[in-house]
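Data block below; observations after.
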């Protein structure tokens, strides 16, 4: 399944089909999937919104389905301290799946990421 199809799957259940750092990243996914995608940190990912606590609340409430790492342009996350904290929290708590070269984290699958003790996360998969 491609990334756009994944974002569309069961999207009506969520407030946001996904979240991505910066509106430049989020907009591409939103336009491609025709589903709402949260832009963490605003336009450049540098605004302190949402906070980590707000993002965690949205995840706990089941409002966001996926977190998309990186971006359509292949740039890294960068952004504000809040965006960096959100990215780190997602990476520490959810297992990535690589779809079309992009790391996607299912935020409804809490606790699937495991640390092997060497700082590497196990449990991710790759989908081509």
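Each value in this text was obtained by applying a stated rule to the coordinates, not by laboratory testing. Keep in mind that this is a model prediction, so the values were computed, not measured. All Cβ positions, glycine included, derive from the backbone under ideal geometry; neighbour counts span all protein chains shown.
Structural remarks
- Shape category assigned to region 1-76 from the gyration tensor of Cα positions, a/c cut at 1.5: oblate
- Approximate spin-label separation residue 54-residue 13, in nm, with each point projected 7 Å along Cα-to-Cβ: 2.6
- The simple spin-label model puts a point 7 Å past each Cα toward its Cβ; for residue 81 and residue 98 those points are separated by 3.3 nm.
- Peptides 49-57, 26-34 ordered by packing proxy, namely the average of other Cβ atoms within 10 Å per residue, highest first: 26-34, 49-57.
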